[in-house]
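Structure first, commentary second.
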Amino acid sequence: MDNILEMNQVETYIGQYHILFGIDLKVRKGGATVLLGRNGGGKTTTLDTIIGLRKPSAGTIILDGEDVTKLPAYEMARKGVGYVPEDRDIFSDLTIEENLLITARKNGGNYQERLDMVLSLFPDMKKYFKKKARVLSGGQAQMLSISRALINDNKLILVDEPSKGLAPLIIAELMEKMNEIKQETTILLVEQNYEMATAVGDYFYFVEDGKTVFECTKEVLLQDESVKQKYLGV
Amino acid sequence: MNTVIQIVFYGLSLSMLFFLLSSGFSLIFGLMGVLNFSHGSMFMWGCYFAYLAYVYTGNFWLMLIAGAVGIGVMGLLMEKFLIRPLKGNHTNQILLTFGLIYVLDELAKIAFGTRAYLVSAPEWLQGSITVGPENIPKYRIFMIIAGIVIFIVMTLLLQKTKLGLIIRAGIDKPRMVQAIGIDVQKVFLVTFALGCALAGLGGAIAVPFMGAYPSIGTEQIFNAVAVVVVGGMGSFLGSFYASLILGFAQYIVSYFFPELAMASTLIIMLVVILFKPNGLFGGKKSE
């Protein structure tokens, strides 16, 4: 099985609004697959649908060969899908340590080993370990959000716009970290920042009006100006 | 001097009663967003469960346990069969809990009539203790100690256990709690039952002091709402401090101007809403 995740003609509503009209994508094991596209195209809803926070009304989602279309979020997490949401959603009333402890699962690997790995990747977390998460800056909160997804030995990590609202220096650091993380696990990344997307991504899907409209490798994206112009308006 | 001692002890005991009544209400609202207006009726049924347990066993401690466990189980059933089917529809949940006030109160009238049932405190809690020139009823002191003990136990539960971590995280980001692998529905069930059990325990503790009668719940629900508004939605610590503020205010005002006792609560609520809409200890909920 080469693909960790497959979505076939997935449709999703938010309330009465039809948001996804047919998402088709395949995320290969290892490396980073990126969802690109303009605002409001349905990228975040795609991630929410995969993790189970939104129920698809049609289509199928296959995780590592298993049909997980109807699974709720907590079961998807237990199956090894980590989630780094757009707004970080760190638990601000909990300490950094508690944020990681509450996320650690019994089937998520050896906690101490995972913690050592996370703290070596993000040393700032060590500095604030016993502090409430609300004291963290935007960049640090993003590091914590990613740390939370890494504290378990997840097979797939969904990362939604990690560069949003961060200073260029922090984004550069984040790119470096994301490239380290993708050596360990598979990443499905939603990113508006073209530089970050191309620095981290290996394969790209373009989402427009709730549909996947084009897919390509990194080489094609970097070389073919018409693709950028057509789908990103760059 | 007499007045000060009396205000301290009577104000504190009233505050602890408010705390027992409101802490569960606040916890449920904070985590689940459910404004359970029938919380006062749970308190009332806690009084009756305790009364029945006392009649059949004559044991004070069993009476307290019966109030808490009985209402905890009632809460469990209520969440599973009534609240959960209306998940996400706050208007219907409010209408439901309003309706439950009438159902639960009328059921109490059918079962027990409208008279008040009194239970005597055990012998060791009868009489009074002399504090300076003032005699303070032992049962008032028991209520104060019970409130403080429950505050400490609940604080330890929320701060030092995994369930506590989950509840605190859930109050902050309920969506994200699911995305890290926690079955939030189970947490809702446990928290709802726990919140109701606290109301039941409050009712059981109040029986020797106030008696059990059908309208006791509706009389008290206003105080629970006031505590939550002043303390901050979902803040357990906020409930404790708001109970102290409102309990003391109500007792002091009723001591000097009995007819203005409830007005004091209203005025404090109004001031807090004007200057700190999220309550004294409430943060802005992000979801």
Note: probe point = Cα of A:Lys155 + 7 Å toward Cβ; backbone nitrogen < 15 Å; residues of region A:77-114 passing the test are A:77-82, A:107-109
Taking only Cα atoms of region B:27-67, the Rg to Rh ratio with Kirkwood Rh works out at 1.18
Under a 1.4 Å probe, counting only protein heavy atoms, B:Ile148 has an accessible area in Å², nearest 10, of 70
The alpha-carbon pair-distance distribution computed for region B:1-87, with 5 angstrom bins and whole-percent values, is 3, 13, 17, 20, 16, 13, 10, 6, 2, 1, 0, 0
For the protein assembly as shown, the dipole about the Cα centre with charges only on Cβ (Lys and Arg +1, Asp and Glu -1), to the nearest 20 debye, works out at 1000
Here, region A:131-228 modelled as identical Cα point scatterers in vacuum has Debye log10 I(q)/I(0) at q = 0.25 Å⁻¹ of -1.42
HN-Hα couplings for region A:158-167 via Karplus (6.51, -1.76, 1.60; θ = phi - 60°), in whole Hz with x for Gly/Pro, come out as 9, 10, 9, 6, x, 7, 4, x, 9, 6
One quarter of the C-alpha convex hull surface, i.e. the mean projected area of the protein assembly as shown in nm², amounts to 28.1
The correct pair for region A:71-153, radius of gyration to one decimal and Dmax as a whole number, both in Å and from Cα atoms, is 12.0, 37
Percent of all Cα-Cα pairs per 5 Å bin for chain B, counting from 0 up to the last occupied bin, reads 1, 6, 12, 17, 19, 17, 14, 8, 4, 2, 1, 0
A student applying the Cα gyration tensor rule (rounded when a/c is under 1.5; otherwise prolate if a/b is larger than b/c, oblate if not) would label region B:63-121 oblate
Here the relative contact order (percent) of region A:3-232, from C-alpha pairs under 8 Å and at least 6 apart, is 29
In Å, the Kirkwood hydrodynamic radius from C-alpha pairs for region A:3-232 sits at 17.8
In terms of the charge dipole of the protein assembly as shown, which places +1 on Lys and Arg and -1 on Asp and Glu at the beta carbon, the residue among A:Tyr205, B:Ala50, B:Leu77 farthest towards the positive end is B:Ala50
With the charge dipole of region A:3-232 built from beta-carbon charges (+1 for Lys and Arg, -1 for Asp and Glu) about the Cα centre, the Cα from A:Ala58, A:Ile170, A:Cys216 projecting farthest to the positive end belongs to A:Ile170
Kirkwood-based Rg/Rh on the Cα set of region A:5-109 evaluates to 0.98
Ranked output for segments B:120-129, B:186-195 by mean other Cβ atoms within 10 Å, highest leading, reads B:186-195, B:120-129
Averaged over the residues of A:95-101, the number of partner chain Cβ atoms within 10 Å of each residue's own Cβ comes to 2
Calc'd 3J(HN,Hα), region B:69-79, phi into Karplus 6.51 cos²θ - 1.76 cosθ + 1.60 (θ = phi - 60°), Hz, glycine/Pro = x, comes to 5, x, 6, x, 5, 4, x, 4, 5, 4, 5
Stokes-Einstein D for region B:36-147 (10 °C, 1.306 mPa s, Kirkwood Rh from Cα pairs), in µm²/s, comes to 98
Note on region B:147-256: alpha-carbon gyration tensor, axes a ≥ b ≥ c; rule is a/c under 1.5 for rounded, else prolate if a/b larger than b/c, else oblate; result prolate
Sorted by chain and then number, the residues having a modelled amide H within less than 5 Å of the amide H of A:Phe122, at least 5 places away or on another chain, are none
In whole Hz, the Karplus estimates of ³J(HN,Hα) for region B:80-90 (6.51, -1.76, 1.60; θ = phi - 60°; x where Gly or Pro) are 5, 9, 10, 6, 4, x, 9, 3, x, 10, 5
Quick calc, chain B, dipole around Cα centre from Cβ unit charges on Lys, Arg (+) and Asp, Glu (-), nearest 20 debye, gives 780
Burial-style ranking of A:216-223, B:31-38, B:45-52, B:59-66, average other-beta-carbon count within 10 Å with highest first, yields B:45-52, B:31-38, B:59-66, A:216-223
In the protein assembly as shown the accessible area split gives carbon plus sulfur, as whole percent at 1.4 Å, a share of 61
Under the 7 Å Cα-to-Cβ spin-label approximation, B:Lys80 and A:Asn39 lie apart by a distance in nanometres of 4.7
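The values are calculated or read from the model by the stated rules, or taken from the named source; none is laboratory data. All figures in this text were calculated on a predicted structure; none of them were measured in a lab. All Cβ positions, even for glycine, are placed from backbone atoms using ideal geometry, and neighbour counts span all protein chains on display. Keep in mind that these areas ignore ligands, DNA and RNA; they rest on the heavy atoms of the full protein, side chains included. Shrake-Rupley method; radii C 1.70, N 1.55, O 1.52, S 1.80 Å.
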